[in-house]
Each structure stands twice: as structure tokens, then as C-alpha cells.
Amino acid sequence: GAVVSQHPSWVICKSGTSVKIECRSLDFQATTMFWYRQFPKQSLMLMATSNEGSKATYEQGVEKDKFLINHASLTLSTLTVTSAHPEDSSFYICSARVGREGIYEQYFGPGTRLTVT
Amino acid sequence: KQEVTQIPAALSVPEGENLVLNCSFTDSAIYNLQWFRQDPGKGLTSLLLIQSSQREQTSGRLNASLDKSSGRSTLYIAASQPGDSATYLCAVNYSGAGSYQLTFGKGTKLSVIP
């Protein structure tokens, strides 16, 4: 149980185009999902917290107009990288949270490798 | 602001050795701590989750300890195997930002030599 999928697993796009990444919880519902970015040899950096039915909360330094997050259902959150540039090339990982206050646990997706040429 | 540090950044051991990975965090007001494994180009696999009220957790050859007061955790791997080669990430779940976020360390890259 507690499987999170991401689609696509990798994508190459041209500079200036937009790319959408999907994150799904396959066998459970998640009111909260998280989006992380990981640069080579670096750790995961939280980009935003996605709450079902409400606006996402972005971390400091993350442009909300560039990284659009939609959490339309309890099993799906999407991240759209708009007007992508080469510096947006990274490994994007989502996670879904289960549990209750103080006893939360996150399950992570397999990640999406984005390369912007 | 919570900061998580992992030492060493990289570790190479011969097959069969026991080893310890270290994790330290600056804010002891945590809810839990998780150890993850990440293979190259892949997502994260959760290995062990220790609640703040617990001292240790065990799963097979893995044992994780938590000393919340000193801000430290260790991951002990017994009888290491080449298949254990991966990057191990430590993450703490805390409420300092009010939203129960996970803060990750940079990881320890483990290589087990056959």
C-alpha cells in the first residue's frame, strides 16, 4: 500500500515551453501533497505544499507564477513548469502525506527528470 | 530554522562490514525522523521512521536510533552488501514552520565493495 506515482518519469522540452508533471496516490487519499526539487548531488528542497481544494503554499524563493500547482482531487496533484528555462532542469519529486497531527508520514513518488534545452 | 547535517558525505566499505551513518539536527522539537534510501536517478524509499517518543527502530539489518535531546540519529547497517550501495537521506518532521514539513540532510553516499 501507500504507493505514489509520477508521470512522466522523464521529459525533455525546449526553452520557453510549459511542462506538466502529475503526482498520484494510487491506493490512498491525500489531502496534502508536497513538491520537491533536487539538483545533482544536493538534497531535496521543498518547493511547495499542495492542499486539496485550496491554493498551494510556496516556499520562499519559489515563483508561484512559474511553478503552477493544482490539487484538484484527493489523489492527484499537478505541477506545471511554465516558460521553462535550462536552469529549471532538475529532478522533481512529489510526496503524499498520511496520518494525523504529530504522526504524519510521507510517501514519495519515483521522481520526474526534467531537461530543458 | 531546522538544519539537518549528515556525516560523512560519502563512505566506502568492503562487503560484510558493519557501518554507522550519522545525522544531526538543530531544532529538537521534532515529531519524527525518517531514514530514506535513494538509488541514482530514482525516488525515495522509506527505510525507518522513528517517532519522537521512541529511541530506536529496527528492520532487518537496519537499526536507527534517535536521541532527540542531543539532536542526533544514527543508522546502523549490519553485514553490509553490495546491494546496500545507495545514498541514504535523513529527514526530520517538525512543526517549526507550522506545517509539519520534512527537512532533509544532503545524504551519505554509501558504496559497498564486493
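The values are calculated or read from the model by the stated rules, or taken from the named source; none is laboratory data. Because the structure is a prediction, the values reported are computed rather than measured. Note: ideal-geometry Cβ built from the backbone for every residue, glycine included; neighbour counts use all protein chains shown.
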- Message: Anything in segment B:86-102 that is modelled with pLDDT of 90 or more and of a type in the set (S, T, N, Q)? List them, or say none.
- Response: B:THR87
- Message: If the requirement is being over 27 Å from A:THR112 (Cα atoms) and more than 10 Å from the chain's Cα centre (by Cα), which of these qualifies: B:ASP84, B:ASP67?
- Response: B:ASP67
- Item | Whichever residue in segment B:13-35 is buried (at least 17 other Cβ atoms within 10 Å of the Cβ) and at pLDDT below 95 and, among such residues, is nearest to A:ILE93 (Cα to Cα) | B:GLN34
- Find the residue count for segment A:21-46, including only residues that are surrounded by 15 or more Cβ atoms within 10 Å (Cβ to Cβ), of a type outside the set (S, T, N, Q) and in contact (Cβ under 8 Å) with a residue 40 or more places away in the chain. 11
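What residue, of B:LEU75, B:LEU102, is crowded, with 21+ Cβ neighbours inside 10 Å, more than 14 Å from chain A (Cβ to nearest Cβ) and part of a strand (DSSP E or B)?
Answer to the selection: B:LEU75.
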- Give the residue, chosen from A:GLU59, A:GLU87, that is out of contact with any strand residue (DSSP E or B) (no Cβ under 7 Å at 6 or more places or on another chain) and either more than 23 Å from B:ASN93 (Cβ to Cβ) or free of Cβ contacts under 8 Å to residues at least 40 places away in the same chain (or both). A:GLU87
- Picked from segment A:9-36 (must be within 15 Å of A:LEU68 (Cβ to Cβ) and charged (D, E, K, R)), the residue nearest to the chain's Cα centre (by Cα) is A:GLU22
- (1) in a loop (DSSP other than H, G, I, E, B); (2) in contact (Cβ under 8 Å) with a residue 12 or more places away in the chain; (3) within 22 Å of A:ARG97 (Cβ to Cβ): which one isn't true of B:LYS42, the others all being true? (2)
- Query: Across segment B:4-38, which residue is farthest from the other protein chains (Cβ to nearest Cβ) among those that are part of a loop (DSSP other than H, G, I, E, B) and under 14 Å from the mean Cα position of the chain (by Cα)?
  - Reply: B:PRO8
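Looking only at residues that are part of a strand (DSSP E or B) and within 11 Å of chain B (Cβ to nearest Cβ) in segment A:1-20, which one is surrounded by the most Cβ atoms within 10 Å (Cβ to Cβ)?
Of everything passing the filter in segment A:1-20, A:VAL4 is surrounded by the most Cβ atoms within 10 Å (Cβ to Cβ).
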- Query: Going by the conditions given, is B:LYS68 closer than 16 Å to A:MET45 by Cα and basic (Lys, Arg)?
  - Reply: no
